[in-house]
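A.B. asks: First the structure, which I've put down as structure tokens, then a few questions once you've had a look.
Where a number appears in this text, it was derived from the coordinates with a stated rule and is not lab data. Computed from a prediction, not measured in an experiment: that's the story for all the values here. Neighbour counts are summed over all protein chains in view; Cβ atoms, including those assigned to glycine, are modelled from backbone coordinates with ideal geometry.
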Amino acid sequence: MRRTGQHLHGGYVYGSPVRYDFSANLNPMGMPESVIKAAKDAIDRSDRYPDPFCGALNERLKEKWKVRGDMIVFGNGADDLIYRIVYAIKPKRAVIVAPTFTEYAAALENIDCEVIEHRLDESRDFELDETILEKLTDDVDMLFLCDPNNPTGRLADPGLLKRIVKACARGIYLVLDECFIELAENGEEHSLPAFDFDYGTIVLRAFTKTYAMAGLRLGYAVFGSKDIAHLVWLAGQHWSVSVPAQAAGLAALDEEEYVETARKMIARERGFLTSEISRLGFKVYPSDVNFILCRAETADKALRLENELIAEGIAIRNCWNFAGLGERYFRLAVRPHEENEALISAMEGCVERWQKL
């Protein structure tokens, strides 16, 4: 069966008409009105270069993180910063888990870094466990961890994360991607800032997921070392964050109630989707955040589902390009209830058609 698209990430809605996008794992409440207004108002100031240091954002976030301002670097989304970190540090041997966000491996391979995969165990629902520590040998330069992990949606155990931080303190750069953590229940209790920062620790955050600002592109990294932060800042373009993106980010930081409301909505709707998709005969893995990983009985059924849903204007994320998964797996974002009901209804139609074949 022909795949409807070979785009490497979710959120590609430019090839087919899409009514409901379940492929992009963004905040289901959409962009806050205050953020939209701030970005629009900033257009009038876009006849000048943006602040390359994102000074106003820096002032806000250094207080939040209790760090010096020169230990935060902003970028054109977290993806931009992943590449800048890799290019600046130039690790020779790095560990990533599998499955996880594909851009870690892509960035590392671009500099000819040897990539060591730590496969997560499906029988344990892709939960990160202590066996990751066995990979953190003396010849490893860097470890990428996504917490909660994409595409599994699992949060790491805080006790294990502390052990990982301690193991990396021997000389391994730990890049911890927390881009989804603000949308997880009690996520901030799992966040690395709850622990001690080490010299080689780097935490990634993005406004993309939390505030549904995917098109504006704004991310940042918090470093344990101002020297490493400076190297990473130098590795990117001078004006990496636009005037509208900086203004939108400032407005977003005031939206605490919005984020809390979103967390509650996500937990409720995730439960609904998990129950309904399981009822339809698909395997659904546990998730702590705003997306769920699912598995069809066969690759053919997963591809049929993807194609039949897109024909109805519903996009899902087939996980064919995630190491450790394959074409049987697909990821679904948690959306508002009306959209979730539309998805389930369409999936029911797919299953009913297959049963008649």
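A.B. asks: Step by step: first the residues of region 54-76, then only those that are surrounded by 23 or more Cβ atoms within 10 Å (Cβ to Cβ) and touching a Lys or Arg at 6+ places or on another chain (Cβ under 9 Å), then the one that is farthest from G171 (Cα to Cα). Which residue is that?
C.D. replies: The extreme case among them is G75.
A.B. asks: What number of residues in region 14-65 are touching a Leu at 6+ places or on another chain (Cβ under 6 Å) and of a type in the set (S, T, Y)?
C.D. replies: 0
A.B. asks: Tell me whether region 158-174 contains one or more residues that are closer than 22 Å to V67 by Cα, of a type in the set (A, V, I, L, M) and assigned to a loop (DSSP other than H, G, I, E, B).
C.D. replies: Yes - at least one qualifying residue is present in region 158-174.
A.B. asks: Among the residues of region 175-200, write down those that are under 19 Å from T100 (Cα atoms), surrounded by fewer than 24 Cβ atoms within 10 Å (Cβ to Cβ) and over 15 Å from the mean Cα position of the chain (by Cα).
C.D. replies: H190
A.B. asks: Ok, one more. Does any residue of region 90-103 turn out to be surrounded by fewer than 23 Cβ atoms within 10 Å (Cβ to Cβ), within 20 Å of the chain's Cα centre (by Cα) and part of a helix (DSSP H, G or I)?
C.D. replies: Yes, the conditions are met somewhere in region 90-103.
A.B. asks: What pairs come out if I take residues in region 325-343 that are closer than 15 Å to I292 by Cβ and pair them with residues that are of a type in the set (S, T, N, Q) and part of a helix (DSSP H, G or I) whose C-beta lies under 8 Å away, six or more apart or interchain?
C.D. replies: If the second residue must be of a type in the set (S, T, N, Q) and part of a helix (DSSP H, G or I), the pairs left are V334/N340.
A.B. asks: Can you work out which of the residues in region 90-110 that are among the aliphatic types (A, V, I, L, M) and in contact with a Phe, Trp or Tyr (Cβ under 6 Å, 6 or more places away or on another chain) is nearest to G55 (Cα to Cα)?
C.D. replies: A107
A.B. asks: Count, please, the residues in region 329-357 that happen to be buried (at least 17 other Cβ atoms within 10 Å of the Cβ) and under 21 Å from the mean Cα position of the chain (by Cα).
C.D. replies: Here the count works out to 8.
A.B. asks: Where in region 206-281 are there helices (runs of 4 or more DSSP H), lying wholly inside it, with at least 3 residues that are of a type in the set (A, V, I, L, M) and surrounded by 17 or more Cβ atoms within 10 Å (Cβ to Cβ)?
C.D. replies: Where helices (runs of 4 or more DSSP H) fall fully within region 206-281 and carry at least 3 residues being of a type in the set (A, V, I, L, M) and surrounded by 17 or more Cβ atoms within 10 Å (Cβ to Cβ), they are 226-234, 243-252, 256-279.
A.B. asks: Same structure, new question: Taking the conditions exactly as written (surrounded by fewer than 23 Cβ atoms within 10 Å (Cβ to Cβ) and either touching a residue at least 12 places away in the same chain (Cβ under 8 Å) or among the small types (G, A, S) (or both)), does R317 satisfy them or not?
C.D. replies: The answer is no for R317.
A.B. asks: If I go through region 15-31 residue by residue, how many of them are of a type in the set (D, E, K, R) and outside any loop (DSSP other than H, G, I, E, B)?
C.D. replies: Going residue by residue through region 15-31, those that are of a type in the set (D, E, K, R) are 19, 21.
Adding the requirement that they be outside any loop (DSSP other than H, G, I, E, B) leaves 21.
Residues meeting the conditions: 1.
A.B. asks: Another question about this same structure. Consider A302 carefully, then state whether it is buried (at least 19 other Cβ atoms within 10 Å of the Cβ), assigned to a helix (DSSP H, G or I) and free of Cβ contacts under 8 Å to residues at least 40 places away in the same chain. Working first, answer last.
C.D. replies: Values: buried (at least 19 other Cβ atoms within 10 Å of the Cβ): yes; assigned to a helix (DSSP H, G or I): yes; free of Cβ contacts under 8 Å to residues at least 40 places away in the same chain: yes.
Answer is yes for this residue.
A.B. asks: So A156 ticks every box in (1) within 20 Å of I228 (Cβ to Cβ); (2) out of contact with any helix residue (DSSP H, G or I) (no Cβ under 6 Å at 6 or more places or on another chain) but one. Which box is left unticked?
C.D. replies: Going through the list (1) within 20 Å of I228 (Cβ to Cβ); (2) out of contact with any helix residue (DSSP H, G or I) (no Cβ under 6 Å at 6 or more places or on another chain), A156 breaks only (1).
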